[in-house]
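Undergrad: Pasting a structure here, questions to come.
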Amino acid sequence: QVQLAESGGGLVQAGGSLRVSCAASERTFIMAWFRQAPGKERAFVAGIRWNSASTWYADSVKGRFTISGENAKNTVFLRMDTLKLEDSAVYYCAAANTLAKVTARFDYAYWGQGTQVTVSS
């Protein structure tokens, strides 16, 4: 059972930046970030494939968010720049043993507990 632990959430002003981290207990093929705002479905944000470091993003965050990984520590980061009020959500780390650049929630078998990101005006 892969265990994921997120950290780094918090309160930030609109236009600011924040980085969240996710440490995995063991390596999987891909890792991703999802987010869920109150009353909304959990939605894909960004993904990364370990063996090639290729990445993919939701249209809503392209150009503002960057996903990266540190191989030696099985840790994935999500750097969030130019944050908007609508980026406020609980951010979840997810992992899967597939090579496809999947974005659906059901494609990911392992999940962290989530970390709150709040963007204020």
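Undergrad: List pairs: first in the range 51-67 and in contact (Cβ under 8 Å) with a residue 12 or more places away in the chain and surrounded by 15 or more Cβ atoms within 10 Å (Cβ to Cβ), second in a strand (DSSP E or B) and of a type in the set (G, A, S), Cβ under 6 Å, 6+ apart or cross-chain?
TA: Listed pairs, sorted by first residue: W56/G47; Y57/A46; F65/A46; I67/A46.
Undergrad: So, in the range 68-79, of the ones that are surrounded by 13 or more Cβ atoms within 10 Å (Cβ to Cβ) and of a type in the set (S, T, N, Q), which residue ends up farthest from Q13 (Cα to Cα)?
TA: Filtering first and then ranking leaves N74.
Undergrad: Please work out if K101 is over 15 Å from the mean Cα position of the chain (by Cα), in contact (Cβ under 8 Å) with a residue 40 or more places away in the chain and surrounded by fewer than 16 Cβ atoms within 10 Å (Cβ to Cβ).
TA: No, not satisfied.
Undergrad: In the range 104-121, what residues are open to solvent by 90 Å² or more (accessible area, probe 1.4 Å) and of a type in the set (S, T, Y)?
TA: Of everything in the range 104-121, just one residue is open to solvent by 90 Å² or more (accessible area, probe 1.4 Å) and of a type in the set (S, T, Y), namely S121.
Undergrad: When the range 8-26 is examined, which residues are found to be within 14 Å of V76 (Cβ to Cβ), open to solvent by 60 Å² or more (accessible area, probe 1.4 Å) and at pLDDT 95 or above?
TA: Within the range 8-26, R19, S25 meet the criteria.
Undergrad: Right, another one. So if I check each of D107, D87, D81, D59, which one is within 20 Å of A24 (Cβ to Cβ) and among the acidic types (D, E)? Before the answer, list the steps.
TA: Values: D87 fails: within 20 Å of A24 (Cβ to Cβ); D81 fails: within 20 Å of A24 (Cβ to Cβ); D59 fails: within 20 Å of A24 (Cβ to Cβ).
Among D107, D87, D81, D59, only D107 is within 20 Å of A24 (Cβ to Cβ) and among the acidic types (D, E).
Undergrad: Can you tell me which residue is nearest to the chain's Cα centre (by Cα) among those in the range 80-98 that are closer than 13 Å to W33 by Cβ and open to solvent by 10 Å² or more (accessible area, probe 1.4 Å)?
TA: That would be Y92.
Undergrad: Kindly indicate which of F44, F29, F34 is in contact with a Lys or Arg (Cβ under 8 Å, 6 or more places away or on another chain), within 17 Å of W111 (Cβ to Cβ) and surrounded by fewer than 16 Cβ atoms within 10 Å (Cβ to Cβ).
TA: Among F44, F29, F34, only F29 is in contact with a Lys or Arg (Cβ under 8 Å, 6 or more places away or on another chain), within 17 Å of W111 (Cβ to Cβ) and surrounded by fewer than 16 Cβ atoms within 10 Å (Cβ to Cβ).
Undergrad: Same structure again: Residues in the range 52-66 that are touching a strand residue (DSSP E or B) at 6+ places or on another chain (Cβ under 9 Å) and modelled with pLDDT under 95: how many?
TA: Summing the residues that are touching a strand residue (DSSP E or B) at 6+ places or on another chain (Cβ under 9 Å) and modelled with pLDDT under 95 in the range 52-66 gives 2.
The values are calculated or read from the model by the stated rules, or taken from the named source; none is laboratory data. Small disclaimer: the values here were computed from a predicted structure and weren't measured. Note: ideal-geometry Cβ built from the backbone for every residue, glycine included; neighbour counts use all protein chains shown. Each accessible area value is taken on the protein alone, full model and side chains, heavy atoms only, with ligands, DNA and RNA left out. Shrake-Rupley method; radii C 1.70, N 1.55, O 1.52, S 1.80 Å.
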